[in-house]
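In what follows, a single structure is set out as structure tokens and then discussed.
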Amino acid sequence: MVRALRRGWAVVTTDYTGPRHAVAAGVLAARFVLDGIRAALVFEPAGFGATTPIGLWGYSMGAQATLCAAEQHPTYAPELNIVGAAAGGIPVDPTTSTRTFDDVYDGSILSGIPLGACIGISREYPDVDLHGALTPAGQAMVASAAEMSAEQLLLSFPFLHWSDYLTVPGVLEIPGLRAAFEANRLGQASPTTTMYLYHAVRDQNLPVADADRFVETYRRQGVDVTYRRLRFGEHVLVALTGVPSALRFLSARFGTAEQTRPERR
């Protein structure tokens with residue numbers, strides 16, 4: 001964000017999970033993102049206009065919000081002049097990303113984030129019976145995690161083994177959960193703006209093969225998409241190393257110089 005501001009860009013950050021912290025509810029997140037941009041455009045002191053060029057950018061769950069916003073833009077907010085969207089660490093579809101929930105992989109250091117996704121999406125989709133599928137220990141765990149931030153979830157629930165907390169065979173057997181995730185799966189609509197996507201080849205939770213297939217889906221739909229598979233680093237590190245190329249992409253889409261303002265010492 002600081003590097004974007006140094007370029008003289010206005011930056012809008014949206015609390016895209018909403019008042020109920022509905023993490024992973026991508027359709028909802030898209031509308032918060034687009035409505036947040038609308039609000040910024042009509043903020044008179046900022047001096048924006050209807051043709052102000054807009055870029056979207058997000059990583060991981062922010063990538064879901066960004067991509068869902070790009071997909072809904074043509075129908076929900078067609079008046080917005082979105083000239084490009086960048087997204088990395090792409091959570092394409094939790095129902096097919098086996099590393100997210102399978103017992104074979106659930107010892108991930110990042111396992112607090114999928115926990116937050118289950119809690120968040122259950123708040124927006126009442127058919128998800130999360131508590132009914134949990135043991136008493138699982139219910140206590142969810143209660144303790146209910147108001148945590150992403151950072152707190154990461155620190156509090158690494159190497160989580162779901163089988164210790166469920167009364168059903170697996171996470172995706174929680175009543176209503178698979179359908180809720182599928183309703184928010186990326187790729188169900190086609191963005192009309194130019195896209196830049198990037199993903200770590202060694203991402204420990206979100207397999208790069210899922211991102212590869214997702215990009216091919218966009219290309220078959222006729223989406224103008226550039227895709228980079230980053231071979232150095234994993235999910236957390238690529239959140240940092242992917243920044244320069246995303247900024248270059250947005251700078252090119254805005255038609256602005258890539259030079260930044262001098263850093264303050």
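The values are calculated or read from the model by the stated rules, or taken from the named source; none is laboratory data. Since this is a predicted model, take the numbers as computed values, not measurements. Every residue, glycine among them, receives a Cβ derived from its backbone with ideal geometry; neighbour counts consider all protein chains shown. Note: areas computed on protein heavy atoms with side chains; ligands, DNA, RNA excluded. Shrake-Rupley method; radii C 1.70, N 1.55, O 1.52, S 1.80 Å.
Selection of the stretch 149-177 for residues being touching a residue at least 12 places away in the same chain (Cβ under 8 Å), in a loop (DSSP other than H, G, I, E, B) and more than 20 Å from VAL128 (Cα to Cα) yields PHE157, PRO158, PHE159, LEU160, HIS161. Kindly evaluate ALA200 against the criterion of being in contact with a helix residue (DSSP H, G or I) (Cβ under 6 Å, 6 or more places away or on another chain) and open to solvent by less than 10 Å² (accessible area, probe 1.4 Å). Yes, satisfied. Could you tell me whether the stretch 126-142 includes any residue that is modelled with pLDDT of 95 or more, closer than 24 Å to CYS68 by Cα and open to solvent by 50 Å² or more (accessible area, probe 1.4 Å)? Yes, because at least one residue in the stretch 126-142 is modelled with pLDDT of 95 or more, closer than 24 Å to CYS68 by Cα and open to solvent by 50 Å² or more (accessible area, probe 1.4 Å).
Answer yes or no: is there a residue in the stretch 50-59 that is at pLDDT below 95, farther than 25 Å from ALA179 by Cβ and hydrophobic (A, V, I, L, M, F, W, C). The answer is yes, given that some residue of the stretch 50-59 is at pLDDT below 95, farther than 25 Å from ALA179 by Cβ and hydrophobic (A, V, I, L, M, F, W, C). Candidates LEU172, LEU166, LEU186: the one that is touching a Lys or Arg at 6+ places or on another chain (Cβ under 6 Å) and open to solvent by less than 60 Å² (accessible area, probe 1.4 Å) is LEU172. If you go through the stretch 16-52 and keep only what is closer than 29 Å to VAL92 by Cα, assigned to a loop (DSSP other than H, G, I, E, B) and in contact with a helix residue (DSSP H, G or I) (Cβ under 7 Å, 6 or more places away or on another chain), you end up with TYR16, THR17, GLY18, ARG20, HIS21, ALA22, VAL23, ALA24, ALA25. Taking only the stretch 184-215 into account, find how many residues are in a strand (DSSP E or B) and not aliphatic (A, V, I, L, M). Matching residues across the stretch 184-215 total 4. Among the criteria (1) in a loop (DSSP other than H, G, I, E, B); (2) more than 30 Å from ARG231 (Cβ to Cβ); (3) in contact (Cβ under 8 Å) with a residue 40 or more places away in the chain; (4) open to solvent by less than 70 Å² (accessible area, probe 1.4 Å), the one ALA180 does not fulfil is (1).
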